[in-house]
Amino acid sequence: MRSRGLGSFAVGVLVAGAVVWSIVTTDVELSRLLSAGPRIADFLGRMLPPDPTVVDEIIKGGAETLRIAILGSLGAVFLSVPLGILASETMVSPAIYRPIRMLLAFIRAIPLILVAMLMVGAVGLGPLPGIIAVAFHATGMLAKFYAEAIDGVSRAPISALESAGAGPLARLRHAIWPQMAPVVARDTIFRFELNLRESLVLGIVGAGGIGFYIQTYVRSFQYDKAASVTLAVIVMVIAIEALNVALRRRFR
Amino acid sequence: MSVAAQIGDVSFAHPGADLPSLDRVSLTVSQGESVALLGASGAGKTTLLTLLDGRLRDWRGRVSVLGMPLDPDNAPPRARRADTGFVFQEFALVERSTVLRNVLNGRLGRMPSLRAFVGSPSSLDLEAARIALVDCGIADLAERRVDSLSGGQRQRVAIARCLAQEPRLILADEPVSSLDPARAAEILALLTEAARARGATVLFSSHQPDLARRFSDRIVGMKGGRIVFDGGVADLGDAATSDLYRETVTVPGIDLRAVN
Ligand SMILES: Nc1ncnc2c1ncn2[C@@H]1O[C@H](COP(=O)(O)OP(=O)(O)OP(=O)(O)O)[C@@H](O)[C@H]1O
Ligand SMILES: [Mg+2]
């Protein structure tokens, strides 16, 4: 009890310290903070009404984002199947799954936008760096999910097939896979939704997709056009979510 | 009479357990026999059956099953595992697969590796599965998913999977303990009858001495990892039966239920 009180006191001091440090060291004068409100209002005013003439750009950018998400997700699935197997306790020994899990944690720790920037540097502008970045980034999560799906299945049927003389791959196919298939379907759809959402902004760093137009229009002060593209992005996110809810219902 | 399984002076302790689960066990089972394994919870029945199934590691002693010695360090080769069938207490079926798929899983040890992985059965495999389904009285359930079946139906599927395997030795770990009395007798009759018809040896464990007497030729009683009774059905009187369950029942405060 005593040490618990001490612990929450320490946490309180830490939080207060962090806030004070941020306020003191951030170079924002009070006057600018006070004028930020009206400025934002003014900015939003210039976004209105959204310019509907950018429909072509929206369709073109949206389609490219969709392609990036689809191909990136496909790449992630291909990478995650072997890595997921190698990260599962059920299939391999600790000497294998421990380092693989560490690798996956490392991949997850790198934000997508950073990977995309690096890939733009490596392979140049366009959708390709976006696809590679999405595939790489999503594998960190998807392979972990696949490994958990493998490890979450009931062991008894696996023992039964082992007893019947099935080898490890036959056990994976006939005892583990039927149990994990709905989980894998759900996880993959979930990750696809995230990929689609996250790749909407990839264009901002030049990695292809609809984000490119937001960046272009904001830089060239065409806020009404930027507003249209932003609205389109919001509509797309909502549509993705609705689709995902509908799909999830099918895999139980 | 040829020997189906022979255990010589085998001892085994689960990793981390102080007491051995098998303590210098010796047992010989002849081909074609039907043997019932009795004993209180934690007596070592599951451990003994798992040993004979080739799924136990790091035991000491000698074991030979169907004329071949078992290796304490390695699982038996696939073809030999197929010769020994195992029926699990909790069925151990793939719930989301169909009855037929589950029964065909019993054929995996008989298929070449690639065919087993792809799961495309030969006409021989399909015929073995069909016969097993008919013998277990569930031919009409073949296309149903297992998760839509009752407990009794599930155990029939599990037995059909075991029979499709065409085993010469059938090991059954409390095959009827989760079923009502009528269903239990039905399933044990089915199992022992099918085994007799195929000339297969049966070793089943049970907590029901009456059923054990009815469906076996021989009773083996275990207690604390040892075999303490071995005789004909007539030799196991009420006194001997209650003796099997005595000590463990009166130890207070210790939960002897096995972690299966
Ligand atoms: N996985 C395990 N880890 C550690 N100890 C175990 C494990 N499985 C079984 N044991 C122990 O081994 C002993 C024998 O267990 P076993 O399962 O063979 O008994 P059983 O006769 O089958 O009991 P039951 O009738 O409850 O199934 C018990 O003392 C049990 O606690
Ligand atoms: Mg048991």
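The values are calculated or read from the model by the stated rules, or taken from the named source; none is laboratory data. Everything numeric here is computed off the predicted structure, so don't read it as measured data. Heads up, the Cβs are rebuilt from the backbone with ideal geometry, glycines too, and the neighbour counts pull from every protein chain shown. Heads up: the accessible areas ignore ligands, DNA and RNA and are worked out on the full protein's heavy atoms, side chains in. Shrake-Rupley method; radii C 1.70, N 1.55, O 1.52, S 1.80 Å.
When region A:151-170 is limited to residues that are outside any loop (DSSP other than H, G, I, E, B) and more than 8 Å from chain B (Cβ to nearest Cβ), the one that is nearest to B:R55 (Cα to Cα) turns out to be A:I158. Looking across region B:94-108, the residues that are open to solvent by 10 Å² or more (accessible area, probe 1.4 Å) and facing chain A (nearest Cβ under 7 Å) come down to B:R96, B:S97.
Checking each residue in region B:27-81 for being away from ligand 1 (no atom under 16 Å from the Cβ), within 13 Å of chain A (Cβ to nearest Cβ) and not in a loop (DSSP other than H, G, I, E, B) picks out B:V65, B:R78, B:A79, B:R80, B:R81.
Residue pairs, Cβ under 8 Å, 6 or more apart or interchain, first in region A:96-107 and in contact (Cβ under 8 Å) with a residue 40 or more places away in the chain, second basic (K, R). List them. If the second residue must be basic (K, R), the pairs left are A:R101/A:K144; A:L104/A:K144. Quick check: is even one residue across region B:43-55 open to solvent by 50 Å² or more (accessible area, probe 1.4 Å), under 19 Å from the mean Cα position of the chain (by Cα), closer than 25 Å to B:A164 by Cβ and more than 16 Å from ligand 2 (Cβ to nearest atom)? No, because not a single residue in region B:43-55 is open to solvent by 50 Å² or more (accessible area, probe 1.4 Å), under 19 Å from the mean Cα position of the chain (by Cα), closer than 25 Å to B:A164 by Cβ and more than 16 Å from ligand 2 (Cβ to nearest atom). Filtering region A:184-192 for residues that are crowded, with 22+ Cβ neighbours inside 10 Å, touching a Pro at 6+ places or on another chain (Cβ under 9 Å), assigned to a helix (DSSP H, G or I) and not small (G, A, S) leaves an empty set. Of everything in region B:72-85 that's closer than 18 Å to A:P168 by Cβ and touching a strand residue (DSSP E or B) at 6+ places or on another chain (Cβ under 9 Å), which residue is least open to solvent (accessible area, probe 1.4 Å)? Result: B:P76. Residues that are more than 16 Å from ligand 2 (Cβ to nearest atom) and open to solvent by 20 Å² or more (accessible area, probe 1.4 Å) were ranked within region B:165-178; the one that is farthest from the other protein chains (Cβ to nearest Cβ) is B:R168. Among residues of region B:32-48 that are in contact (Cβ under 8 Å) with a residue 12 or more places away in the chain, those with a beta-carbon under 9 Å from a residue that is assigned to a helix (DSSP H, G or I) and acidic (D, E) at least six positions away or on a different chain give the pairs B:A40/B:E247. Scanning region A:85-112 for residues that are part of a helix (DSSP H, G or I) and buried (at least 17 other Cβ atoms within 10 Å of the Cβ) yields A:I85, A:L86, A:Y97, A:I100, A:R101, A:L104, A:I107, A:L112. Among the conditions (1) open to solvent by 100 Å² or more (accessible area, probe 1.4 Å); (2) assigned to a helix (DSSP H, G or I), A:D27 misses just one, which is (2). Of all residues in region B:102-148, which are charged (D, E, K, R) and in contact with a strand residue (DSSP E or B) (Cβ under 8 Å, 6 or more places away or on another chain)? Hits for region B:102-148 are B:E143, B:R144, B:R145.
Screening the candidates B:R218, B:R183 for the property of being open to solvent by 30 Å² or more (accessible area, probe 1.4 Å) and touching a strand residue (DSSP E or B) at 6+ places or on another chain (Cβ under 8 Å) yields one hit, B:R218. If we scan region B:122-144, do we find a residue that is within 14 Å of chain A (Cβ to nearest Cβ), more than 16 Å from ligand 1 (Cβ to nearest atom) and not small (G, A, S)? Yes.
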